[in-house]
Each structure stands twice: as C-alpha cells, then as structure tokens.
1. Classify region 64-136 as rounded, prolate or oblate, taking a ≥ b ≥ c as the square roots of the eigenvalues of its Cα gyration tensor: rounded when a/c is under 1.5, otherwise prolate if a/b is larger than b/c and oblate if not.
2. Along its principal axes, what span do the Cα atoms of region 19-97 show, with the longest given first and each in whole Å?
3. Between Asp96 and Ser8, how high is the FRET efficiency from 1/(1 + (r/R0)^6) when r is the Cβ-Cβ distance and R₀ = 35 Å? Nearest 0.05.
4. May I ask you to order 4-16, 105-117, 32-44, 79-91 by the average number of other C-beta atoms within 10 Å around their residues, highest value first?
5. Here are some values of Rg and Dmax of the Cα atoms in Å: (i) 16.2, 56; (ii) 16.8, 55; (iii) 25.5, 99. Which one was computed from this structure?
6. What 222 nm value per residue comes from the helices of the chain, counting each DSSP H run with n ≥ 4 as -39,500 (n - 2.57) and dividing by all residues, nearest 500 deg cm²/dmol?
7. So how far apart, in nm, are the two label points at Thr30 and Val87 if each is 7 Å from Cα heading toward Cβ?
8. Taking the chain as a Gaussian network, where each spring joins two C-alpha atoms under 10 Å apart, which residue of Thr99, Thr30, Thr68 fluctuates the most?
Amino acid sequence: MLKKGQASLEYMIILALALGVFSAILYVSTSLIVSSSTQLGVDSALRAVQEIKEASDFIYIRGHPSKTQIEVRIPGNIEDVSIANSVVRLRVSVADSYTDIYKVTKGNMVSDISSICPGAPCREGYYVLSVESLPPDSPYDVNITVE
C-alpha cells in the first residue's frame with residue numbers, strides 16, 4: 001500500500017514539473033508574439049513616414065505643377081497622424097505609452113488627412129495619398145490629401 005502512494009506522489013511531482021515547464025514556454029512565446037507585433041507596427045509606421053517624406057521632398061524639388069500618388073500602410077496601433085509645416089509625424093501606441101515617429105521635409109506642407117484618423121486609434125489599412133506642389137505664391141510648398 002505504501003508503494004502505491006509513493007508512486008502516485010512521484011507521478012504528481014512529474015506532472016507538476018511538466019506543467020511548470022509548459023507554463024514557462026507558453027509565457028515566453030506569448031511575450032515574444034506581443035513584442036514582435038508591436039515591433040511590426042513601429043516598423044510599418046517608420047516606413048510610412050519615410051515614404052511620405054520622400055514623396056514630399058521629391059515634389060518640392062520638382063516644383064509646381066508636379067504631382068504624384070503614393071500608397072502607404074497605416075498600422076493599427078497608430079493614435080495620431082500629423083502632416084504640417086515641415087514635419088510628418090505618426091504617434092504609435094507601444095504598450096502603455098506612446099512614441100512619435102517623425103521626419104522633417106525640405107518644404108512646408110499642408111494636408112487634409114482627416115479620413116485616416118477620425119478618432120483615436122486611427123483606421124488601419126492602405127491609403128493612397130496625393131502629393132502635389134502648390135503655386136509659388138502659396139505659403140505652403142506641398143499639399144497632401146487622401147484619395
């Protein structure tokens with residue numbers, strides 16, 4: 001009788017150790033998935049800011065009446081998009097805080113991008129932006145709108 005009790009206790013200890021190892025592996029893999037998802041959102045936001053900056057600089061250098069269209073992907077963790085004066089800025093939600101990703105352009109910009117961010121958070125997806133040069137008598141050099 002005593003041997004049977006000892007065997008069942010050993011089985012419970014082995015089961016507890018296996019559950020502990022499984023829980024540790026599950027915790028590590030979950031945290032890796034969450035951090036990689038956040039990093040993908042930040043990378044996608046950085047790419048979007050870079051594409052907008054390059055298009056704005058291209059149109060600024062070419063001058064009036066240049067115009068082009070670009071397609072940018074706005075990730076789901078974006079809280080705010082701002083394209084004004086000479087700064088393109090995306091505010092990215094990272095865990096419980098925010099980080100701003102921005103680039104400075106050569107010319108002054110004006111934009112109408114209210115359809116991307118009607119409220120926080122912004123709508124995730126691909127957007128076609130029209131980037132066009134403004135006349136020389138305008139206070140701004142480049143206009144960016146959502147198609």
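Coordinate-derived values only; no laboratory data. Remember, it's a predicted structure, so these values are computed and weren't measured experimentally. Please note: Cβ atoms are built from the backbone with ideal geometry, for glycine as well, and neighbour counts cover all protein chains shown.
1. prolate
2. If we take the Cα atoms of region 19-97, the spans are 67, 19, 14 Å.
3. Result of the calculation: an efficiency of 0.15.
4. Highest mean packing first, the order is 79-91, 105-117, 32-44, 4-16.
5. (iii)
6. Here the helix-only value at 222 nm equals -15500 deg cm²/dmol.
7. 3.8
8. Thr30
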